[in-house]
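Have a look at the structure below, then the notes.
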Amino acid sequence: MSNTQHTVLIVGGGAAGVSVANTMRRMDKAIDIAIIEPSEKHYYQPGFTIIGGGAYSLAKATKNEADLINPSVTWIKDYADSFQPDNNSVTLRSGDTVSYDYLVVCPGLQLDWDKIAGLKDTLGKNGVCSNYSKDTVEYTWECIKNIESGTALFTQPPMPIKCAGAPQKIMYLAADRFRKKGILDKFDIEFCNAGPGMFGVPFFAKALTEVIKDYGIKTSFGHNLVSIDGAAKTATFATTDTDGNKQEITKKFDMIHVTPPQSAPDFIKKSPLANDGGWVAVNDKSLQHTKYANVFGLGDVASTPNAKTAAAVRKQVPVVVDNIFHLIKKEALDEKYTGYGSCPLTTSLSTVMLAEFSYGGKVTPSFPLLDPRKNRLIWWWGKISGFPWLYWSWMIKGHRLDIPSKESYAAKFTKES
Ligand SMILES: Cc1cc2nc3c(=O)[nH]c(=O)nc-3n(C[C@H](O)[C@H](O)[C@H](O)COP(=O)(O)OP(=O)(O)OC[C@H]3O[C@@H](n4cnc5c(N)ncnc54)[C@H](O)[C@@H]3O)c2cc1C
C-alpha cells in the first residue's frame with residue numbers, strides 16, 4: 001500500500017471538483033493539486049432534461065475527464081473510501097492513502113434507486129424512464145417520442161434532490177411534444193410530488209401553477225412513489241393528505257418518469273465529516289468544514305441549504321478557492337456564498353422560466369429589468385447553447401465569472417406577486 005502527499009486534495013471531479021482544481025491552477029501555477037475521481041467521463045447533467053425532451057444529445061453532454069483536468073493536476077483514478085481528518089488523510093478503495101494539507105470534498109450525491117421497490121428491474125423498459133442517469137436518459141426521449149395516448153406520470157421524491165425543478169421540467173417538454181403532435185388531449189398527465197407544492201420558492205411556484213393549468217396537468221401533492229410494477233404498469237404511492245391522513249394509492253400508467261430519492265453518498269454518511277443528515281458539514285457562507293478548518297465542502301454533497309445545482313457550484317467555487325489561499329496566507333476567510341442557485345425551468349420546447357434565488361427563498365436574478373416569472377425564448381437558447389458553453393468553456397476551465405445576482409433586480413416583480 002502506498003501513501004502519497006498533496007498540498008490540495010480534491011475528492012470528486014465533477015462540476016465542482018474540476019472547476020476548483022482548474023481555478024486554483026490559474027491563480028497559482030506551482031501549487032500541488034490532486035483530484036480523486038474514478039470516472040473516465042464527465043457529464044453535463046443540466047443537459048439531461050433536454051436530452052430526455054429530444055432537444056439535445058448525450059454525446060454533446062459527455063466529455064473525457066482527461067481533457068478537462070489541467071495536465072499539471074495529479075489525477076488519482078480511484079474512489080475515495082474513508083476519511084481520517086485528524087491525520088489529514090483519505091483512504092482509497094485500493095487501500096492506498098493520500099495525505100493533504102487542504103481537503104476539498106465534492107463527490108456529489110447518491111441516487112437511491114433501491115428505495116423504490118421494483119424500480120431497478122423495470123427502469124429503461126415498460127415505459128419507465130428517468131433523466132437522472134446517463135444510462136436511462138435517452139430512454140425518456142424514446143418513451144415521449146413513441147407514446148400516442150394514455151396516462152403519463154411524473155414523480156418527485158422528498159427533498160433534497162439535485163435540480164429540484166428537473167422532475168417537472170421534463171413533464172412540460174413531454175406535454176409540449178404531445179401538443180405539437182396534436183395529441184395532448186389524448187393524455188392524462190399527472191405530477192405526483194412527495195412535497196406540498198409546485199416549487200420551494202413561492203414566487204416561482206405561483207407562476208408554475210399557470211404553466212400546469214395551460215397543459216391541463218393534474219397535480220397530486222403528498223404523493224411519494226414507493227413501488228413500481230413495470231409489467232403490470234402500476235405505481236404505488238405513500239400519500240399524506242392536508243389533514244395528515246396516510247394511505248397507499250396505486251395508479252396505472254402508460255409511461256412514468258421517475259426521479260429517484262437522493263441522499264449523501266454512503267462513504268460520506270459514515271465519515272467524520274458528515275452532519276446528522278449525512279451531508280458534509282460546512283459553514284453556509286464560507287464553505288469551511290464546521291470542525292476541521294483545513295477541509296471544505298461544496299456542490300451537491302454540502303450541508304448548505306441551497307438548491308443543489310451546477311449554478312450554485314459556479315458561485316461556490318471562487319469562495320472555496322479564495323478561502324484556501326486565505327488559509328495558506330493566514331488571512332481571515334471570506335463569507336461570501338449567499339446560497340445562490342438557479343433552475344432554468346423548461347416550460348416548453350422553446351421557453352424557459354429562469355428561476356434564480358438564494359438562501360431564504362430570496363429571488364435574486366442576474367439580469368435587471370426582466371420579470372423572472374416570464375417564459376422566455378432567450379433563456380431557451382441559453383439552456384441549449386449558452387449555459388453549456390458557460391459550463392464547459394468558463395466554469396470547468398477555471399475562469400472566474402462573477403455575474404452579480406441581486407434581490408433589488410426583482411423587487412418590482414416580487415412586490416407585485
Ligand atoms: C436531470 C438533471 C437536471 C439538472 N439540471 C440542472 C440545471 O438545469 N441547472 C443546474 O445548474 N444544475 C442542474 N443539475 C444539477 C447539477 O448537475 C449538479 O448540481 C452538479 O453537477 C453538482 O456538481 P458536483 O460536482 O457537486 O457533483 P457531480 O457533478 O455529480 O460530480 C460528482 C463527481 O464525484 C465523483 N465521485 C463519486 N463518488 C466518488 C468517490 N467515492 N470518490 C471520488 N469521486 C467520486 C463522481 O464520479 C462525479 O464525477 C441537474 C442534474 C440532473 C441529474
### Query
Taking region 22-57, which residues are closer than 30 Å to Trp380 by Cα and among the aliphatic types (A, V, I, L, M)?
Ile50, Ile51, Ala55
### Query
Residues in region 69-85: is at least one in a loop (DSSP other than H, G, I, E, B) and of a type in the set (Ser, Thr, Tyr)?
yes
### Task
Considering only residues that are under 15 Å from Gly17 (Cα atoms) and away from the ligand (no atom under 11 Å from the Cβ), look in region 270-318 and name the one that is surrounded by the most Cβ atoms within 10 Å (Cβ to Cβ).
Phe296
### Message
I need every pair where a residue in region 118-132 that is within 14 Å of Thr234 (Cα to Cα) and in contact (Cβ under 8 Å) with a residue 40 or more places away in the chain has its Cβ under 6 Å from the Cβ of a residue that is in a loop (DSSP other than H, G, I, E, B) and open to solvent by 30 Å² or more (accessible area, probe 1.4 Å), sequence separation at least 6 or different chains.
### Response
Gly127/Asp254
### Query
Going by the conditions given, is Ala235 closer than 24 Å to Phe357 by Cα and open to solvent by less than 60 Å² (accessible area, probe 1.4 Å)?
no
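Could you tell me whether Gly118 is open to solvent by less than 40 Å² (accessible area, probe 1.4 Å) and either of a type in the set (Asp, Glu) or closer than 23 Å to Ser263 by Cβ (or both)?
Numbers: open to solvent by less than 40 Å² (accessible area, probe 1.4 Å): yes; either of a type in the set (Asp, Glu) or closer than 23 Å to Ser263 by Cβ (or both): yes.
Spelling it out, Gly118 is indeed open to solvent by less than 40 Å² (accessible area, probe 1.4 Å) and either of a type in the set (Asp, Glu) or closer than 23 Å to Ser263 by Cβ (or both).
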### Task
Filter region 346-389 for residues that are open to solvent by 40 Å² or more (accessible area, probe 1.4 Å) and part of a helix (DSSP H, G or I) and give the result.
Tyr359, Gly360, Leu377, Ile378, Trp381, Ser385, Phe387, Trp389
### Task
Among the residues of region 319-332, write down those that are surrounded by fewer than 24 Cβ atoms within 10 Å (Cβ to Cβ) and within 15 Å of the ligand (Cβ to nearest atom).
Val319
### Query
What pairs can you find where one residue is in region 326-346 and at positive phi, the other is open to solvent by less than 10 Å² (accessible area, probe 1.4 Å) and outside any strand (DSSP E or B), and their Cβ atoms are less than 7 Å apart, with a gap of 6+ or different chains?
Gly339/Thr304
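Of Asp229, Asp284, which residue is under 30 Å from Lys315 (Cβ atoms) and either small (Gly, Ala, Ser) or touching a helix residue (DSSP H, G or I) at 6+ places or on another chain (Cβ under 8 Å) (or both)? Full working, then the answer.
Details: Asp229 fails: under 30 Å from Lys315 (Cβ atoms).
Going through Asp229, Asp284 in turn, just one is under 30 Å from Lys315 (Cβ atoms) and either small (Gly, Ala, Ser) or touching a helix residue (DSSP H, G or I) at 6+ places or on another chain (Cβ under 8 Å) (or both): Asp284.
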### Query
Among all residue pairs at least 6 apart or on different chains, which show Cβ distances below 8 Å where the first residue, located in region 11-39, is within 13 Å of Pro107 (Cα to Cα) and the second is polar (S, T, N, Q) and near the ligand (Cβ under 6 Å from one of its atoms)?
Gly13/Ser39; Ala15/Gln45
#### Entry: Those residues of region 58-86 which are touching a helix residue (DSSP H, G or I) at 6+ places or on another chain (Cβ under 9 Å) and either of a type in the set (A, V, I, L, M) or within 20 Å of Trp380 (Cβ to Cβ) (or both), in sequence order
Leu58, Lys60, Ala61, Leu68, Ile69, Val73, Ala80
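Here's the yes/no breakdown for (1) within 23 Å of Lys308 (Cβ to Cβ); (2) open to solvent by less than 30 Å² (accessible area, probe 1.4 Å); (3) not aromatic (Phe, Trp, Tyr):
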position: Tyr43; (1), (2), (3): yes, no, no
position: Phe48; (1), (2), (3): yes, yes, no
position: Gly53; (1), (2), (3): yes, yes, yes
position: Asn64; (1), (2), (3): no, no, yes
position: Trp75; (1), (2), (3): no, no, no
position: Ala80; (1), (2), (3): yes, yes, yes
position: Asn87; (1), (2), (3): no, no, yes
position: Arg93; (1), (2), (3): no, no, yes
position: Ser99; (1), (2), (3): no, yes, yes
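From the list Thr209, Thr219, pick out the single residue that is among the β-branched types (Val, Ile, Thr), open to solvent by 10 Å² or more (accessible area, probe 1.4 Å), in contact (Cβ under 8 Å) with a residue 12 or more places away in the chain and out of contact with any Leu (no Cβ under 7 Å at 6 or more places or on another chain). Spell out the reasoning first.
Values: Thr209 fails: in contact (Cβ under 8 Å) with a residue 12 or more places away in the chain.
That would be Thr219, the only listed residue that is among the β-branched types (Val, Ile, Thr), open to solvent by 10 Å² or more (accessible area, probe 1.4 Å), in contact (Cβ under 8 Å) with a residue 12 or more places away in the chain and out of contact with any Leu (no Cβ under 7 Å at 6 or more places or on another chain).
Quick one: count up the residues across region 86-112 that are part of a strand (DSSP E or B) and closer than 30 Å to Leu225 by Cα.
Of the residues in region 86-112, 2 are part of a strand (DSSP E or B) and closer than 30 Å to Leu225 by Cα.
The values are calculated or read from the model by the stated rules, or taken from the named source; none is laboratory data. All of these numbers come straight from a predicted model, not from anything done at the bench. Reconstructed Cβ throughout: ideal geometry from the backbone, glycine too, with neighbour counts over all protein chains shown. When the accessible area is computed, the model is the full protein with side chains, heavy atoms only, and any ligands, DNA or RNA have been set aside. Shrake-Rupley method; radii C 1.70, N 1.55, O 1.52, S 1.80 Å.
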